[in-house]
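The values are calculated or read from the model by the stated rules, or taken from the named source; none is laboratory data. None of the values given here were measured: they were computed from a predicted structure. We place every Cβ from the backbone using ideal geometry, glycine too, and count neighbours over all the protein chains shown. Calculation scope for accessible area: heavy atoms of the full protein, side chains included, ligands and nucleic acids excluded. Shrake-Rupley method; radii C 1.70, N 1.55, O 1.52, S 1.80 Å.
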Amino acid sequence: MQPVFETLRVGDEVVNLLKPAITKDQLVRYAGASGDFNPLHTDDETAKASGFHGVIAHGMLVMGFLTQAVTTWIPKRLLRQIRVRFRGITRPGDRIVVTARIDEKRIEGSSGIVKCSIEAVDQNKDVKVSGTFEAVFPLPS
Amino acid sequence: MIGTRFNFTWQVERGKIAELTASLGDDNPIYHDREAAEAEGYPDILAPPTFSTVAVLWSGTLFKAFHELKMPLSRIMHAEQEYEYFCPILPGDTLHAVMEVKSIVERKGKSGTMDFVLLETIFTNQHNRQVIKEQMLVVERK
């Protein structure tokens, strides 16, 4: 069911997506899919030489979880803009939870604008990625 | 280097969309089932929201920019990412993109000097419609 602008309230938690634990296999697949072959994400030795315990996830993989969560809540066509900051290192085994909350609602002409804050945290509630997005709901005329 | 532009063209293939959604574990049917996408009013399946970055990377444009800016990959971290959406990206689209170095800001912190480089890429499709604008902020540890 598509959310209805009129029923949305500032403060509502509107997104809650629990992802399965990230695997090394997934990082290899994401490298191939995205074209980001930085060995930091696929080769433990390289990651260790850079001061990590082992491979770390692509930040953009986690951002992909955020946009998956958003376009599960609203149809993709309503998503106008999303901006995120990469805050923490994500590793294989981490289970990411994406949540979002409505910060602001306003009407602009024949559209309802909804601004939300969104974040991805791991199983220890450490923030990995956070940001904001804006959705545009067409209003019945 | 500010204002330097990199042009590239990218053909949107169904297979690259499938690879991206599979690696993310995003099973939204509008990205892989044409009938489901049509039911939402699209002419075909569409690309997921972070797809344009696949073009930035696979086209080699980002690495070319890093090379021109003399930024070694091993010292770069991705700090921020933003997308602004104008119309959907569909399989078979030919995207014309321009990446521009928008700003380079040096900041001195406790752990040393860092350069913040803002790269903006604007994609236009074969119908001359702007489809997406993405901004990538990367940090080079000096």
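The single condition among (1) within 9 Å of another protein chain (Cβ to nearest Cβ); (2) part of a loop (DSSP other than H, G, I, E, B); (3) out of contact with any Ser or Thr (no Cβ under 9 Å at 6 or more places or on another chain); (4) of a type outside the set (Val, Ile, Thr) that A:Arg80 does not satisfy is (2). Answer yes or no as to whether A:Thr99 is assigned to a loop (DSSP other than H, G, I, E, B), polar (S, T, N, Q) and more than 10 Å from every other protein chain (Cβ to nearest Cβ). In short, no. Applying the condition of being at pLDDT 95 or above and of a type in the set (Asp, Glu) to segment B:30-68 and asking which residue is least open to solvent (accessible area, probe 1.4 Å) yields B:Asp44.
Scanning segment A:38-69 for residues that are charged (D, E, K, R) and part of a loop (DSSP other than H, G, I, E, B) returns a single hit, A:Asp43. Filtering A:Leu17, A:Leu8, A:Leu66, A:Leu78 for residues that are surrounded by 15 or more Cβ atoms within 10 Å (Cβ to Cβ) and farther than 26 Å from B:Gln135 by Cα leaves a single hit, A:Leu8. The selection criterion, being open to solvent by less than 60 Å² (accessible area, probe 1.4 Å), in a loop (DSSP other than H, G, I, E, B) and either closer than 22 Å to B:Asp44 by Cα or more than 10 Å from chain A (Cβ to nearest Cβ) (or both), holds for B:Met71.
Counting only strands (runs of 3 or more DSSP E) that fall entirely inside segment B:82-142 and contain at least 2 residues that are open to solvent by less than 30 Å² (accessible area, probe 1.4 Å) and not hydrophobic (A, V, I, L, M, F, W, C), the qualifying elements are B:112-124, B:130-141. Scanning segment A:109-127 for residues that are in contact with a helix residue (DSSP H, G or I) (Cβ under 9 Å, 6 or more places away or on another chain) and either within 14 Å of A:Arg87 (Cα to Cα) or assigned to a loop (DSSP other than H, G, I, E, B) (or both) yields A:Ile118, A:Glu119, A:Ala120. Name the single residue, out of those in segment A:22-55 being under 21 Å from the mean Cα position of the chain (by Cα) and away from every other protein chain (no Cβ under 11 Å), that is most open to solvent (accessible area, probe 1.4 Å). Taking the candidates together, the pick is A:Lys24.
Just to be sure, is A:Thr72 in a helix (DSSP H, G or I), over 12 Å from A:Phe133 (Cβ atoms) and within 11 Å of chain B (Cβ to nearest Cβ)? Yes, satisfied.
Taken as a whole, segment B:9-29 holds no residue that is open to solvent by 50 Å² or more (accessible area, probe 1.4 Å), within 25 Å of B:Asn128 (Cβ to Cβ), of a type in the set (Asp, Glu) and touching a Lys or Arg at 6+ places or on another chain (Cβ under 8 Å). Output yes when any residue across segment A:88-95 is within 13 Å of chain B (Cβ to nearest Cβ), closer than 16 Å to B:Tyr83 by Cα and surrounded by 20 or more Cβ atoms within 10 Å (Cβ to Cβ), and no when none is. Looking for residues that are within 13 Å of chain B (Cβ to nearest Cβ), closer than 16 Å to B:Tyr83 by Cα and surrounded by 20 or more Cβ atoms within 10 Å (Cβ to Cβ), one finds none in segment A:88-95, hence no. Listed by first and then second residue, the pairs with beta-carbon distance under 9 Å, at least 6 apart or on different chains, first residue in segment A:15-36 and assigned to a strand (DSSP E or B), second among the basic types (Lys, Arg), are A:Val15/A:Arg101; A:Leu18/A:Arg95.
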